[in-house]
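*Asks:* Right, I'll just put the structure down here and ask away after.
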Amino acid sequence: MENTLSAANGGFMQDLDDYFCKKFADFDMIGSMPSYESVTVSMILKNKNRIEEGEYAANEMRKISYQPNPAKVLAEIKERYVDNTFTFSFRPAPFKQRIAALFGGRNTSGKFIAKLIRNYGEQPEGLWEKIGLAQKDWKAVLRGFYIPEKSLIYKITLLLGLSREDNFALMKECGCYYDFADARDVIVRYLVDYRVYNRDMIDAAFDEYHIRRIL
């Protein structure tokens, strides 16, 4: 049984590594690795309207997956990556939204979040403890006075096991987006894309890339 679990975890990590190599877009960091080799992109554009497409392809060729030895470049990135990203758990909602929330507006971010949480079988009011937020702050989130930042959105996503569509909707509601130059965002996006919500596997993914655990 233990060997089966180890094999499963090995396959998961290899899959994550492959995904990371294709998605990670911190080109400055990739290009600074000792094993990095310049890749020449030979492209023939059929017409001038495809210049933008050509620029996109050129950026794609700068990713780890196009390296002659991607495993070595990835290992160096894992070794050197420093998780120095910091965001607050929430930010104050714009003034007009706070006024709407004060008078019980229907279309507040808090009501959207509460409905989403109920759809996954949880009571919104009691979730503050699981996500490690002060109760008074979580109440302000649910009332629409505060808007979650990515760190809080990711906690909600991983705790509830949100579908890809619901995660995207929550990100959009809160005015957030994935930044593939951030290793944390790449890892979370992989977990969401493939619905990997086993706690041990989540922790293993963050530990492998030396990223602070979210949960």
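The values are calculated or read from the model by the stated rules, or taken from the named source; none is laboratory data. In this text, all values refer to a predicted model and were calculated from it rather than measured experimentally. All Cβ positions, even for glycine, are placed from backbone atoms using ideal geometry, and neighbour counts span all protein chains on display. Accessible surface is based on the protein model in full, side chains and every heavy atom, while ligands, DNA and RNA are left aside. Shrake-Rupley method; radii C 1.70, N 1.55, O 1.52, S 1.80 Å.
*Asks:* When you check residue 86 against the structure, is it open to solvent by 60 Å² or more (accessible area, probe 1.4 Å) and either at negative phi or of a type in the set (Ser, Thr, Tyr) (or both), yes or no?
*Replies:* The answer is yes for residue 86.
*Asks:* Something else now. Which numbered condition in (1) within 30 Å of residue 33 (Cβ to Cβ); (2) part of a loop (DSSP other than H, G, I, E, B) is the only one that residue 129 fails?
*Replies:* Among (1) within 30 Å of residue 33 (Cβ to Cβ); (2) part of a loop (DSSP other than H, G, I, E, B), the lone unmet condition for residue 129 is (1).
*Asks:* Out of the residues in the stretch 147-202 meeting the condition of being touching a strand residue (DSSP E or B) at 6+ places or on another chain (Cβ under 6 Å) and without any contact (Cβ under 8 Å) to a residue 60 or more places away in the chain, tell me which one is farthest from residue 85 (Cα to Cα).
*Replies:* 147
*Asks:* Another question, if that's okay. Mind checking which pairs have a first residue in the stretch 88-117 that is farther than 14 Å from residue 143 by Cβ and a second that is of a type outside the set (A, V, I, L, M) and in a strand (DSSP E or B), Cβ under 9 Å, 6 or more apart or different chains?
*Replies:* Every condition considered, the pairs that remain are 89/146; 89/148; 91/146; 91/148.
*Asks:* Quick test of your reading of the structure: residue 51 fulfils all but one of (1) at pLDDT 85 or above; (2) of a type in the set (A, V, I, L, M); (3) open to solvent by 40 Å² or more (accessible area, probe 1.4 Å). Name the failing condition by number.
*Replies:* (1)
*Asks:* Would you tally the residues in the stretch 11-42 being small (Gly, Ala, Ser) and open to solvent by less than 50 Å² (accessible area, probe 1.4 Å)?
*Replies:* So the count comes out to 4.
*Asks:* Go through the stretch 97-128 and report how many residues are at pLDDT 95 or above and surrounded by fewer than 11 Cβ atoms within 10 Å (Cβ to Cβ).
*Replies:* Number of matching residues: 3.
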